[in-house]
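Working notes, beginning with the structure itself.
The values are calculated or read from the model by the stated rules, or taken from the named source; none is laboratory data. Fair warning: this is a prediction, and the values are worked out from it, not measured in the lab. Counting neighbours? That spans all protein chains shown, and the Cβs are built from the backbone with ideal geometry, glycine included. Accessible surface is based on the protein model in full, side chains and every heavy atom, while ligands, DNA and RNA are left aside. Shrake-Rupley method; radii C 1.70, N 1.55, O 1.52, S 1.80 Å.
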Amino acid sequence: MINAGGERVTVQGMLAIAHRWGNSVATLREALAVGADLVEADVRSFRGTPEIRHLKSLGPWLLWDHPWELVLRKGADLPSLDHVLATLNGTDRLMLDLKGIHPGLAPRVARTLRTAVPDAPIAVCTRQWPMLDAFRGDDAVRLVLSAGSRRQIGRLRVLLKSSPDSWPGARRAFGVSVKRTLITANDVADLRRAVEHVMTWPVDTPAELGKARHLGVTGVIGKDLRLLGEVLAAR
């Protein structure tokens, strides 16, 4: 993290990451005010522009989410990436989760970061690891490799045993983000030998937080700001 003097500092204890709280300007500000270490925002491509939203497109006029939640695009709160970055007001506490497999999304996000917040240590996360190659040379960007299946966790463990030069982005990742119900304590121990942070989701109840602590992760991703506040207070 970066302190008020512009110096890089290491966070002691478990990271508290606010899941999807960066998907609107109002909720982003709320999560930042609580003190979340990172605030996650989902990024998708729409007509060549990075757009902040978790909902998927269903044609040009509708958005949807499981189980078939339908939303009219016209009335949805869909801030641009530029707008969200401007809201940060100098803080580095944002994690962009690149969604989908649109080939132009990552390069456009990389260009936006270089223009709007050059040298800011924004975290960028995706399950589509090759997308992180768009940030090759942007050493300030903190790369996070996400895994949402046992097969992908296995691939992740193999990848992280190779030289960081062969990793996406051609450098050591800031961390990994792995689904809590799929990962084991042995997975976590193995991954922590390669990266600084092993984060897990979803962690939205005290019981899930207890299980995450037992796994030995260094960060939890959840939607309950009160629970994340407990994580912050315990440090």
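In the list ALA173, ALA123, ALA140, which residue meets the criterion of being open to solvent by less than 40 Å² (accessible area, probe 1.4 Å), closer than 18 Å to ASP42 by Cβ and touching a residue at least 12 places away in the same chain (Cβ under 8 Å)?
Exactly one residue qualifies, and that residue is ALA123.
Could you list, in sequence order, all residues of region 18-48 that are of a type outside the set (Asp, Glu) and more than 24 Å from ARG73 (Cβ to Cβ)?
ALA18, ALA31, LEU32, ALA33, VAL34, GLY35, ALA36, LEU38
Select, from TRP129, TRP21, the only residue that is surrounded by fewer than 22 Cβ atoms within 10 Å (Cβ to Cβ) and among the aromatic types (Phe, Trp, Tyr).
Criteria check complete, one pass: TRP129.
Restricting to region 187-199, count the residues that are more than 17 Å from TRP21 (Cβ to Cβ) and open to solvent by less than 50 Å² (accessible area, probe 1.4 Å).
9
What about GLU30, is it surrounded by fewer than 16 Cβ atoms within 10 Å (Cβ to Cβ), modelled with pLDDT of 80 or more and over 21 Å from CYS125 (Cα atoms)?
yes
Could we say that LEU160 is of a type in the set (A, V, I, L, M, F, W, C), closer than 16 Å to LEU143 by Cβ and open to solvent by less than 10 Å² (accessible area, probe 1.4 Å) here?
no
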